[in-house]
Amino acid sequence: MLGNLLELYIHDLSDVFPGLELGPDGRFGYDKLPLYWSEPERRFAFIVRCGGQIAGFVLATRGSPAATDPEVLDVAEFFVLRRYRRSGVGRQAAVLLWQRLPGKWTVRVSEGNAGALAFWRGVVAGLTGGALTEATRPGHPHPWRVLSFESEPLAPAEAHLGQDP
Ligand SMILES: CC(C)(COP(=O)(O)OP(=O)(O)OC[C@H]1O[C@@H](n2cnc3c(N)ncnc32)[C@H](O)[C@@H]1OP(=O)(O)O)[C@@H](O)C(=O)NCCC(=O)NCCS
């Protein structure tokens with residue numbers, strides 16, 4: 001199921017990263033997906049559900065490409081289906097993620113993905129009360145913004161973030 005959702009996500013991101021090409025089978029593919037089952041202590045896959053329906057997914061890793069400390073957590077991929085956007089689903093899913101896996105986090109977002117950048121800045125600032133740092137890293141076709149912050153375990157909220165499987 002996650003493989004199918006990744007196709008929708010990557011297609012969306014091909015607006016930002018025009019170099020993304022389909023394979024001969026008509027799929028983008030996501031080579032690292034099997035690692036989310038073979039390395040369960042360092043890779044975490046979640047389905048976001050809204051009223052019982054699939055509304056998106058989250059992939060997170062322990063170990064971030066933007067941090068030297070191997071324990072720093074990273075949002076690898078994050079997707080809300082178009083049907084559910086701008087209704088707070090993404091914000092709630094992100095907060096549930098950071099509660100579920102408390103600790104030091106990085107979020108990496110392309111400067112070309114203006115909507116996602118506004119989303120992450122707002123959600124992380126809301127979670128931390130502004131206690132975040134932001135840095136720029138080289139990237140193609142746009143630089144990356146890296147948001148770094150720390151999350152605490154909090155009381156569970158109402159949305160459902162089901163780990164898959
Ligand atoms: C980015 C994304 C996850 C946001 O999910 P969402 O469920 O729509 O976000 P929310 O409804 O929780 O938004 C919370 C706030 O973030 C900001 N925000 C969200 N999307 C935004 C956009 N496209 N443009 C500007 N601000 C945005 C707004 O302040 C919003 O609050 P408001 O709707 O009351 O104004 C979703 O658009 C998505 O999946 N995009 C495609 C994949 C992607 O880019 N993923 C991130 C990769 S780094």
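Could you check Val95 against (1) in contact (Cβ under 8 Å) with a residue 60 or more places away in the chain; (2) farther than 19 Å from Glu152 by Cα; (3) β-branched (Val, Ile, Thr) and say which number it fails?
(2)
Report, by residue number, each residue of the range 55-75 that is at positive phi and either in contact with an Asp or Glu (Cβ under 8 Å, 6 or more places away or on another chain) or more than 11 Å from the ligand (Cβ to nearest atom) (or both).
Residues of the range 55-75 that are at positive phi, as a first pass: 56, 63.
Gly63 - this is the single residue of the range 55-75 that is at positive phi and either in contact with an Asp or Glu (Cβ under 8 Å, 6 or more places away or on another chain) or more than 11 Å from the ligand (Cβ to nearest atom) (or both).
Is one or more of the residues making up the range 121-129 near the ligand (Cβ under 10 Å from one of its atoms), under 25 Å from Asp31 (Cα atoms), modelled with pLDDT of 95 or more and surrounded by 15 or more Cβ atoms within 10 Å (Cβ to Cβ)?
No: the range 121-129 contains no residue that is near the ligand (Cβ under 10 Å from one of its atoms), under 25 Å from Asp31 (Cα atoms), modelled with pLDDT of 95 or more and surrounded by 15 or more Cβ atoms within 10 Å (Cβ to Cβ).
Taking the conditions exactly as written (at pLDDT 95 or above and within 7 Å of the ligand (Cβ to nearest atom)), does Gly88 satisfy them or not? Before the answer, list the steps.
Details: at pLDDT 95 or above: yes; within 7 Å of the ligand (Cβ to nearest atom): yes.
So Gly88 fits the description; yes.
Please enumerate the residues belonging to the range 91-106 that are within 8 Å of the ligand (Cβ to nearest atom) and not small (Gly, Ala, Ser). Steps first, please.
Of all residues in the range 91-106, those within 8 Å of the ligand (Cβ to nearest atom) come to 91-94.
Within the range 91-106, Arg91, Gln92 meet the criteria.
The values are calculated or read from the model by the stated rules, or taken from the named source; none is laboratory data. Everything numeric here is computed off the predicted structure, so don't read it as measured data. Counting neighbours? That spans all protein chains shown, and the Cβs are built from the backbone with ideal geometry, glycine included.
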